[in-house]
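Asks: The structure that follows is given in the form of structure tokens.
The values are calculated or read from the model by the stated rules, or taken from the named source; none is laboratory data. Predicted, not measured: the structure shown is a model, and the values here were computed from it. Backbone-built Cβ (ideal geometry, glycine too); neighbour counts: all protein chains shown.
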Amino acid sequence: MDFVIVANAWGAGMDNPTSKHQIALELARQDHRVLWVEGAGMRSPSLGSGSDRGRILRKIMKSLRPATRVPCEGLSIWVLAPLLIPIPSNVTIRLLNSWIYFLTARLWCILLRFRSPVLINYVPVLAEVERLWGGRRRPSGFGGQAEVQDQKSDGATVVYHCVDRWDSFGTYDTEMMRKVDEDCCRYADVVIASASDLFERCKTYNANTYLVRHGVNYEHFAGALGLRHERPNDLPGGPTVGFFGLLSEWVDQDLLITLARTLRGAGEGVPQSEASPISDLRSSTSRRASVVLIGRADVDISRLEAEANIHILGPKPFADLPAYAAWFDVGVIPFVVNELTSAVNPIKLREMIAAGCPVVSTPMREVEVCVQQLDEGATVSLSPAEIGHSHEEFITAVTTILSNPIDAADRRRISLTVAAETWSTKVGEILRLL
């Protein structure tokens, strides 16, 4: 089967692969061919921003290249980057961009001899690509609401894979993102949602909506179980509380600061507005622990950088993450709980568990579902993951684990609780829906 995937930049996922990248790679491993079309941004760039100007220049340069095969494991994945007008808030520009993407992708499907390719869209501002791909009529009223299950002119299959609550991002136009997200649901033959919140929302616009939660590259992260012989040079000594992923608006910096100060025995120095009092540290082990954060930051993290025992190592290649996770005594998912994160299904949760790390998370809906499922199948006295419903509960859970270190056998048992949650399994679920 052949697929056209409209998503973010392919290169953006090399250090931190998203679910989109993992699904594309797994499709190719299963002998499907994939044309990855790099999609439009969700906001207009700022010419006053050096990073935005750099992205525009890179986009122009990439648009001059033909579809290029990815040099990865000999897989049949090609990457294409059509030129677009970066003004997603304008409905006319969105339609024009969609036509550009549609025609460019169709041309390359012909050149690559793809047969009846399935479109999988991850970019809401390109909702019109779904309509064009499926041969649906434009709804009455320019820019009006899309029709559900409108008649198709051919047998093309269109999938909208919803992985985020797009209208809850602080940097995006809320009303625009709500509308294009709805249009994506209505134009698709099949909608796949990665979280229960998204499933319930998408189901109101398309009856053919299915819940397929994220998977894990199990073999890759389970490799951490045999990597405790050599500690990475930039990893501080002593017990480690670790996180890897994007440091963005959803990371609770107050929680991390409170945790770090508590671990070094200075919890009493944290203002009451930033912390719940921790009456006692379980042991000297937890006092000597460090908080290690691995990943790129797209928000101000100067407060984190100012803490003596918070070590920010920056982004690391995906291939190296198991070597770091092998030394995490506790993995953490320190996300703020809000409308955005209620729809998040954090891939890092299963990745750290696969590496044998017990995990402590804030009470996000999808994490609670995962914890319940893992606890039911766990064969260790220590749960693979714990929920902290407040800062105090979160920190208590971390210090409890640090005070009672687990052995290699328990790390292996923790890892096995997600052994069946592979991307291969998830792709199999998706293929059965098509």
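Asks: Check segment 335-347 and report whether any residue there is more than 16 Å from the chain's Cα centre (by Cα) and outside any loop (DSSP other than H, G, I, E, B).
Replies: Within segment 335-347, none of the residues are more than 16 Å from the chain's Cα centre (by Cα) and outside any loop (DSSP other than H, G, I, E, B).
Asks: Tally time: how many residues in segment 1-33 are in a helix (DSSP H, G or I), in contact with a Phe, Trp or Tyr (Cβ under 7 Å, 6 or more places away or on another chain) and farther than 23 Å from Leu433 by Cβ?
Replies: 1
Asks: Only residues that are more than 12 Å from Ser415 (Cβ to Cβ), modelled with pLDDT of 95 or more and assigned to a helix (DSSP H, G or I): list them for segment 349-390, please.
Replies: Scanning segment 349-390 gives a single hit, Leu349.
Asks: So, of the residues in segment 306-320 that are over 17 Å from Glu249 (Cβ atoms) and in contact with a strand residue (DSSP E or B) (Cβ under 6 Å, 6 or more places away or on another chain), which turns out to be surrounded by the fewest Cβ atoms within 10 Å (Cβ to Cβ)?
Replies: The first filter runs over segment 306-320 and keeps only residues over 17 Å from Glu249 (Cβ atoms), leaving 306-311, 313-320.
Cutting the leftovers down to in contact with a strand residue (DSSP E or B) (Cβ under 6 Å, 6 or more places away or on another chain) gives us 309-311, 313, 316.
Values: Asn309: 19, Ile310: 23, His311: 19, Leu313: 16, Lys316: 18.
Filtering segment 306-320 for residues that are over 17 Å from Glu249 (Cβ atoms) and in contact with a strand residue (DSSP E or B) (Cβ under 6 Å, 6 or more places away or on another chain), the one surrounded by the fewest Cβ atoms within 10 Å (Cβ to Cβ) comes out as Leu313.
Asks: Failed condition for Glu175, given (1) at pLDDT below 95; (2) within 20 Å of His214 (Cα to Cα); (3) surrounded by fewer than 22 Cβ atoms within 10 Å (Cβ to Cβ), with all others met?
Replies: (2)
Asks: Pull up segment 71-90, narrow it to residues that are surrounded by fewer than 18 Cβ atoms within 10 Å (Cβ to Cβ) and among the β-branched types (Val, Ile, Thr), then point me to the one that is modelled with the lowest pLDDT.
Replies: Among those residues, the one meeting the criterion is Ile87.
Asks: Still on this structure: Across segment 97-130, what is the total count of residues that are of a type outside the set (Ser, Thr, Tyr) and assigned to a helix (DSSP H, G or I)? It would help to see each step written out before you state the result.
Replies: First, the residues of segment 97-130 that are of a type outside the set (Ser, Thr, Tyr): 97, 99-100, 102-103, 105-115, 117-121, 123-130.
Retained after the next criterion (residues that are assigned to a helix (DSSP H, G or I)): 97, 99-100, 102-103, 105-111, 124-130.
Total meeting the criteria: 19.
Asks: Taking segment 304-321, which residues are outside any strand (DSSP E or B) and within 17 Å of Leu246 (Cβ to Cβ)?
Replies: Leu304, Glu305, Pro315, Lys316, Pro317, Phe318, Asp320, Leu321
Asks: Residue check: is Val418 free of Cβ contacts under 8 Å to residues at least 40 places away in the same chain and touching a strand residue (DSSP E or B) at 6+ places or on another chain (Cβ under 6 Å)?
Replies: no
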